[in-house]
1. If neighbour count is taken as other Cβ atoms inside 10 Å, put 80, 120, 91 in order from fewest to most.
2. In nm, to one decimal, how far is the modelled label at residue 68 from the one at residue 38, with both set 7 Å along Cα→Cβ?
3. How high is the relative contact order of segment 106-162, in percent, with contacts defined as C-alpha pairs under 8 Å that are six or more residues apart?
4. Explain nothing, just the number: relative contact order of segment 2-108, from Cα pairs under 8 Å at least 6 residues apart, as a whole percent.
5. Between residue 16 and residue 135, what is the label-point separation in nm under the 7 Å Cα-to-beta-carbon projection?
6. Springs between alpha-carbon pairs under 10 angstrom, Gaussian network model over the chain: which of 146, 21, 125 fluctuates most?
């Protein structure tokens, strides 16, 4: 968990070399607290490549995910959806539907589920209206994303609309 927090914090402030060194210095063999250290490490590596706009490489890191923690599993699916969005994949819609089912079936809090559902609802609108920069629907969507509580990946959604 600490590796994930450090990775995400480093990526958020653009410290790519530092994050790469962190991940290289902490291979799966050094990760404890999970039965699936390879998958945990690969999720962090996928995040790293995603933030560097290396979508094919990021996707390749997500090929097998047997997470015991449903939040990690869902995070991997969210990342895959973001990769599909960024790369214009035709698989985006089906992956979004699959994630909705996974969230519904997962044993996570209602608040966390709401955050993932909000992400999916807003992303669906971004796909539909995001390209219409001068439309009132575009401005309304920006405000909706900003004001809806608990939207997962809010900054990324807003970035897609700017």
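What follows is calculated from the coordinates using simple rules that are stated; it is not laboratory data. Quick caveat, the model's predicted, so the values are computed rather than measured. Note that each Cβ is placed from the backbone with ideal geometry, even for glycine, and that neighbours are counted across all protein chains shown.
1. Ranked by crowding around the Cβ, least crowded first: 91, 120, 80.
2. Here the modelled spin labels are 1.7 nm apart.
3. That works out to 45 percent.
4. Relative contact order comes out at 19 percent.
5. 3.2
6. Among 146, 21, 125, the largest GNM mean-square fluctuation belongs to 21.
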